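The structure under discussion appears below in the form of structure tokens.
The values are calculated or read from the model by the stated rules, or taken from the named source; none is laboratory data. Note that the coordinates shown come from a computational prediction; the quantities given were computed from them, not determined experimentally. When we count neighbours, we look across all protein chains shown, and the Cβ atoms used for this are built from the backbone with ideal geometry, even at glycine.
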Protein chains: 2
Amino acid sequence: MAAMGEFDLIKRYFDRPELRPGPVMALGPGDDCALLDLPQNHQLAVTSDTFVCEVHFFADMAANQIAQRCLAASVSDLAAMGAVPAWFNLCLTLPNANPLWINDFSQGLAEQAQACSISLAGGDTTKGPLAISIHAMGWVPMGQAIIRSGAQINDVIMVSGSLGDSAAGLQIMQHQRDAQDLLSQRYWQPTPRIELGLWLRDKATSCLDISDGLVQDLGHIIAASGCGADLQLQSLPLSAALQAHVPLDQAHDYALNGGEDFELCFTLPAHQVAKALAYSQASGLPLTAIGRISSEPGCRVWDKNGALYQAPHGYQHF
Amino acid sequence: MAAMGEFDLIKRYFDRPELRPGPVMALGPGDDCALLDLPQNHQLAVTSDTFVCEVHFFADMAANQIAQRCLAASVSDLAAMGAVPAWFNLCLTLPNANPLWINDFSQGLAEQAQACSISLAGGDTTKGPLAISIHAMGWVPMGQAIIRSGAQINDVIMVSGSLGDSAAGLQIMQHQRDAQDLLSQRYWQPTPRIELGLWLRDKATSCLDISDGLVQDLGHIIAASGCGADLQLQSLPLSAALQAHVPLDQAHDYALNGGEDFELCFTLPAHQVAKALAYSQASGLPLTAIGRISSEPGCRVWDKNGALYQAPHGYQHF
């Protein structure tokens, strides 16, 4: 397809009101830049992620699911700062302009954009190996963003949702691309915890989203905050679906080291925990205390007998 | 190299003060998001571009030049809006973590960042086919951005610098990667016309940067503004280097249709032209009147005899 044909095709599938459910833009796609208005006394939160075919997803996976997942992963970074999603730019690199694929992709993108109230502000389409780069922008009241470096000794470490589902879902999908079970869905349709991020703004001392696995990501909080962490193995929130699917040891490994849960991990002063549990009950989103911040550097996991947890042979150690 | 090794390497080469010559950031790279403060009563200008190996550049070209060019091309979009460059996010997809290549890339990026006073705010590094996505952000006083849709009938069409050099430089480099002549330099080291963009804010009725060729890009202005354009062939600013390198017909073709000049094309009310020429003389940046906006839709090029210009056989028609 000629360059101009591609351009038209993409304009057709990406210049749609369904892709603009977020804040009004002073100037949307189509000029050299988009022009965006930030509310007074707010800061802009920006995050960029690239998703590469055969690395972050597979070519034969459904285009709408690829789009949903990429945008969700990007918005999850905004949620982890306590930011309100506002706009995103999409850089789409395509080996060819397949109208069916682009239509499906655009459909999935629109669904996720609507779920997150985020508007497509612009971007770029290029010819090349399939890859997606998303630049997501949101806003947060001045000084209220939740960063990684504020965790205090004795803070309670909490996580949202359940852990490890996405890693198990990826395993399933590697064998069956169109799997529809709960674990596969958790892989494809992560839910950015936007509302939770907003609620945590004036309460959490630190927060991030779990994209590389709980232990590795919590490592960023304790490194930035100059402290350590003690986790209780039996406190890890494991879904019924995960426990039914794999032995407990493997479920623990997925929960500790499996990536792309896109749940929030945050630290709260002890006196805020009751409030968090009440919020959890009211919102229906599980929030679980899984450990404590300690002065001892490093991250330790303790089993129910009070012994240091040793991951079974053959699983990835951390 | 292990994933963690790549991460460290990239942190080492991209977490450098040389890459932060722009406005101070409330929170720079390393958290889920960067946090950025916009001056009051300003709008954010955002642009995203992807540069794919073997499409926008070649794998055996120098990494520092690749970086310089990609960042310049992105900042050029900010310049075309009259925006002050502020921050950029870099998504770098690499097939492997070659320290020499990354060091060179980072060096070229830092040089261009300093030339444009723009700071690296964050981004992403992934494994995959070599590609670069840049999300550039700048600011502009509320309502003062120069957009494409304001051209008025009888406005004078002007361009900065000389046209066609970059297209000729690319031809040279396709045969000799390390060519150092002026045309090749114009391909590798485009100069975003930041100062000119700022100066044009309260004067130009429309503006864009020439990335796809003058005729095609001017087509965006006349389409958005609901008008047409008449260009004078003999007015096109051709550099001495270009005229020495190719026959005049081909120089005209490069100037009209060759892409990636990254010069600004803008429209001015006739009474502003003298001011523009005085600015040109004072700044040393050539500004040339090349035609007029007309009520007749479409873009026409006229030769010195007042006849409609017919591109010679074998050149790309428009």
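Are there any strands (runs of 3 or more DSSP E) wholly within the range B:67-159 with 3 or more residues that are more than 9 Å from chain A (Cβ to nearest Cβ), and if so which?
B:84-94, B:131-141
Of everything in the range B:28-48, what is closer than 23 Å to A:G30 by Cβ and within 7 Å of chain A (Cβ to nearest Cβ)? Give them in sequence order. Hits for the range B:28-48 are B:L38, B:Q43, B:L44, B:A45, B:V46, B:T47, B:S48. Taking the criterion of being in contact (Cβ under 8 Å) with a residue 24 or more places away in the chain and either of a type in the set (K, R) or under 12 Å from B:A83 (Cβ atoms) (or both), the residues of the range A:16-30 that qualify are A:R16, A:R20.
Being touching a Gly at 6+ places or on another chain (Cβ under 8 Å) and either in a helix (DSSP H, G or I) or modelled with pLDDT of 95 or more (or both): is that true of B:A229 here?
It is true that B:A229 is touching a Gly at 6+ places or on another chain (Cβ under 8 Å) and either in a helix (DSSP H, G or I) or modelled with pLDDT of 95 or more (or both).
Search the range B:285-318 for residues being among the basic types (K, R) and in contact with an Asp or Glu (Cβ under 7 Å, 6 or more places away or on another chain), and hand back the single one that is modelled with the highest pLDDT. Please lay out each step first, then the result.
Our first condition is that a residue be among the basic types (K, R); within the range B:285-318, this holds for B:292, B:300, B:304.
Within this subset, residues satisfying the condition of being in contact with an Asp or Glu (Cβ under 7 Å, 6 or more places away or on another chain) are B:292, B:300.
On the way: B:R292: 98, B:R300: 95.
By that ranking, first place goes to B:R292.
Going by the structure shown, is B:D261 buried (at least 21 other Cβ atoms within 10 Å of the Cβ), among the charged types (D, E, K, R), outside any strand (DSSP E or B) and assigned by TED's automatic domain parsing to the domain that holds B:R201? Here the answer is yes, as B:D261 does meet what is asked.
Total residues in the range B:49-65 satisfying the condition of being part of a helix (DSSP H, G or I) and either in contact with a Leu (Cβ under 9 Å, 6 or more places away or on another chain) or within 13 Å of another protein chain (Cβ to nearest Cβ) (or both): the figure is 2. Please determine whether any residue of the range B:176-195 is part of a helix (DSSP H, G or I), touching a residue at least 12 places away in the same chain (Cβ under 8 Å), within 17 Å of B:R300 (Cα to Cα) and of a type in the set (F, W, Y). Scanning the range B:176-195 turns up no residue that is part of a helix (DSSP H, G or I), touching a residue at least 12 places away in the same chain (Cβ under 8 Å), within 17 Å of B:R300 (Cα to Cα) and of a type in the set (F, W, Y). Just the residues that are touching a Ser or Thr at 6+ places or on another chain (Cβ under 8 Å) and over 21 Å from A:A276 (Cβ atoms), please, taken from the range A:191-215. Correct list: A:S211 only.
For the range A:126-166, taking the residues that are of a type in the set (D, E, K, R) and under 16 Å from the mean Cα position of the chain (by Cα), the one that is nearest to A:L285 (Cα to Cα) is identified as A:D165.
Of the numbered criteria (1) under 19 Å from the mean Cα position of the chain (by Cα); (2) over 15 Å from B:T126 (Cα atoms); (3) β-branched (V, I, T), the one B:V52 fails is (2). Checking each residue in the range A:10-19 for being in contact with a strand residue (DSSP E or B) (Cβ under 9 Å, 6 or more places away or on another chain) and part of a helix (DSSP H, G or I) picks out A:I10, A:K11, A:F14, A:L19. A:A167 meets the conditions (1) surrounded by fewer than 23 Cβ atoms within 10 Å (Cβ to Cβ); (2) over 20 Å from A:I293 (Cβ atoms) in every case but one. The failed one is (1). Screening B:G22 against (1) at the interface with another protein chain (Cβ under 10 Å from one of its Cβ atoms); (2) not in a helix (DSSP H, G or I) leaves a single unmet condition, (1). Go over the candidates B:I290, B:I222 one by one and state the one that is hydrophobic (A, V, I, L, M, F, W, C) and in contact with a Ser or Thr (Cβ under 6 Å, 6 or more places away or on another chain). Only one candidate qualifies: B:I290.
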